[in-house]
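One structure is given here, and the rest of the page talks about it.
No lab work stands behind these numbers, since they all come straight from the coordinates. In this text the structure is predicted, and so the values were computed from the model without any measurement. When we count neighbours, we look across all protein chains shown, and the Cβ atoms used for this are built from the backbone with ideal geometry, even at glycine.
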Amino acid sequence: MKSGEIEIGAVYRVRRHDGRLTDVRITGKHGYPVRSGRYPYSVTGSKVRYSAVNPATGRPVVIKSAAKLRERVA
């Protein structure tokens with residue numbers, strides 16, 4: 001999915017690091033600065049990460065990329 005298609009509070013199917021799919025509920029998003037790799041470390045842009053909760057376990061997770069979200073479940 002793309003970043004503009006994601007809604008806060010919706011449930012999405014996400015691909016985990018081991019290849020399995022699970023459902024998560026998106027609780028928010030936050031931006032963070034991207035810094036250059038050379039000295040002096042200046043800010044070269046920003047990226048977005050998504051905070052989510054696994055409804056089956058209640059465990060909080062961080063989705064680092066909107067591409068991990070496969071489809072909206074509910």
* **the chain: chymotrypsin sites (Phe, Trp or Tyr not before Pro) in DSSP loop, at most 13 other beta carbons within 10 Å** => Tyr41
* Between Met1 and Ser42, what FRET efficiency comes out of the Förster formula 1/(1 + (r/R0)^6) with R0 = 22 Å and r the beta carbon distance, rounded to 0.05? -> 0.10
* Structure fact -> For semi-axes √(5λ) of the Cα gyration tensor in Å the list reads [x] 27, 13, 11; [y] 38, 15, 9; [z] 16, 14, 12; the calculated value is entry [x]
* Considering only DSSP states other than H, G, I, E and B, which trypsin sites (Lys or Arg not before Pro) in the stretch 1-58 qualify as loop sites with at most 12 other Cβ atoms within 10 Å? -> Lys2, Arg16, Arg20, Arg38
* Structure fact -> In whole Hz, the Karplus estimates of ³J(HN,Hα) for the stretch 25-41 (6.51, -1.76, 1.60; θ = phi - 60°; x where Gly or Pro) are 9, 6, 9, x, 9, 9, x, 9, x, 9, 9, 6, x, 10, 7, x, 6
* **Within straight-line cross-link reach of Lys2, aspartates and glutamates at Cα separation under 17 Å, skipping those fewer than 8 residues along the same chain** => Glu71
